[in-house]
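The values are calculated or read from the model by the stated rules, or taken from the named source; none is laboratory data. This is a predicted model, so every value here is computed, not measured. Don't worry about glycine lacking a Cβ; one is built from the backbone with ideal geometry, like all the others, and counts go over all protein chains shown. Just so you know, the surface numbers come from the protein's heavy atoms only, side chains and all, with ligands and any DNA or RNA stripped out. Shrake-Rupley method; radii C 1.70, N 1.55, O 1.52, S 1.80 Å.
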Amino acid sequence: MRYYFHVRTHDGLALDPEGAEFETLQAACDEAFQAAREILADRLLRGEVIDGEVFEITLENGEIAKTVPFRDVVRFDEAPRLYRKSE
């Protein structure tokens, strides 16, 4: 299935016109999680403000399947429950 990774900011919505194919929504969420980490790491290195961005993962019809707030990918003590590996 094709998923689109739009980025919602305080200023509006940056659309992903191409999207990407993933077998499952979870695989798309995993990709968004990793991409958000990379974006935040780059911004941290440049001393930029990090605040409020959210990936809106949408289906081809525009329906929002899941949101991934960038702040949720920053690990302060434990990994978020959704992304903890099973023991």
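Some values worked out for this structure:
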quantity	calculated
log10 of Debye I(q)/I(0), alpha-carbon scatterers only, for region 29-72 at 0.17, 0.20, 0.24 Å⁻¹	-0.49, -0.63, -0.81
For Leu44, solvent-accessible area (1.4 Å; no DNA, RNA or ligand), Å²	120 Å²
The chain: mean projected area of Cα convex hull, nm²	6.6 nm²
Simple spin-label estimate for Arg46 and Phe76 in nanometres, 7 Å along Cα-Cβ	2.5 nm
